[in-house]
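Participant: Before I ask anything, let me first share the structure, which is written out below as structure tokens.
The values are calculated or read from the model by the stated rules, or taken from the named source; none is laboratory data. Here the structure is a predicted model, which is why all the values come from computation and not from measurement. Here the Cβ positions follow ideal geometry from the backbone for every residue, glycine too, while neighbour counts run over all protein chains shown. In case anyone asks, the SASA skips ligands and DNA or RNA and just uses the protein heavy atoms, side chains included. Shrake-Rupley method; radii C 1.70, N 1.55, O 1.52, S 1.80 Å.
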Amino acid sequence: KIGFVPGNGTSGQRNAYRFTDPVPAERVQYYRLKQQDIDGGYKYSSIVKLTRQSLPIRLVSAVNPMSTNLIFTLNDVPDKPLDVKLIDISGRPVLQQKFSGGGTNVYRLNVAHLANGTYILLLQSEGVQIAKQLIKRM
């Protein structure tokens, strides 16, 4: 289970729902939906395969688990600003920083002040977004 979207109850009309996977796979991902009724009954949708196109930014490595520093390497970074966010498990940004892009770079962020736990590294540049789940341990 990667997420939950509450329903609109019983309705005689068509409803649209939306969910974004916070940590999608690099190239191929398989999804299915579970629709659960108020009475606890449920059924699953057919499995859908999504293939992502090659991204202009590639996350080559990230030290995981991280302790005092988050270190990650990116390839093929456009010569544009790179927004880096670290988001805690509740979805709250706990660290944000902008870098200038260009080529292959190693990035280092101090995370010593953060509590142990699960975080999402979110990288954005030129409309491209990459997310990776990381663990913080002292």
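Participant: Which of the following residues is open to solvent by 60 Å² or more (accessible area, probe 1.4 Å) and over 30 Å from LEU134 (Cβ atoms): LYS1, LYS43?
Facilitator: LYS43
Participant: Inside the range 60-95, can you point out the residues that are in a loop (DSSP other than H, G, I, E, B) and farther than 18 Å from ILE120 by Cβ?
Facilitator: Answer for the range 60-95, where residues must be in a loop (DSSP other than H, G, I, E, B) and farther than 18 Å from ILE120 by Cβ: THR68, PRO78, ASP79, LYS80.
Participant: Another one. Report every pair of residues separated by at least 6 positions or lying on different chains whose Cβ atoms are under 7 Å apart, first residue within the range 118-138 and on the phi < 0 side of the Ramachandran plot, second open to solvent by less than 10 Å² (accessible area, probe 1.4 Å) and part of a loop (DSSP other than H, G, I, E, B).
Facilitator: Final answer for the pair search is LEU123/ILE57; SER125/ILE57; VAL128/ILE57; ILE130/ILE57; LYS136/VAL111.
Participant: Another one. Please go through the range 89-108 and give me each residue that is under 17 Å from LEU134 (Cβ atoms) and of a type in the set (Phe, Trp, Tyr), ordered by number.
Facilitator: TYR107
Participant: Go through the range 18-30 and count every residue that is at pLDDT 80 or above and open to solvent by less than 60 Å² (accessible area, probe 1.4 Å).
Facilitator: Counting residues in the range 18-30 that are at pLDDT 80 or above and open to solvent by less than 60 Å² (accessible area, probe 1.4 Å) gives 1.
Participant: Being free of Cβ contacts under 8 Å to residues at least 60 places away in the same chain, loosely packed, with under 12 Cβ neighbours inside 10 Å and in a strand (DSSP E or B): is that true of GLN35 here?
Facilitator: Yes.
Participant: Please give the number of the condition LEU55 fails out of (1) at pLDDT below 85; (2) in contact with a Ser or Thr (Cβ under 9 Å, 6 or more places away or on another chain); (3) of a type in the set (A, V, I, L, M, F, W, C).
Facilitator: Checking LEU55 against (1) at pLDDT below 85; (2) in contact with a Ser or Thr (Cβ under 9 Å, 6 or more places away or on another chain); (3) of a type in the set (A, V, I, L, M, F, W, C), the one that fails is (2).
Participant: Might you check whether a residue that is open to solvent by 60 Å² or more (accessible area, probe 1.4 Å), modelled with pLDDT under 80 and not hydroxyl-bearing (Ser, Thr, Tyr) occurs anywhere in the range 91-110?
Facilitator: no
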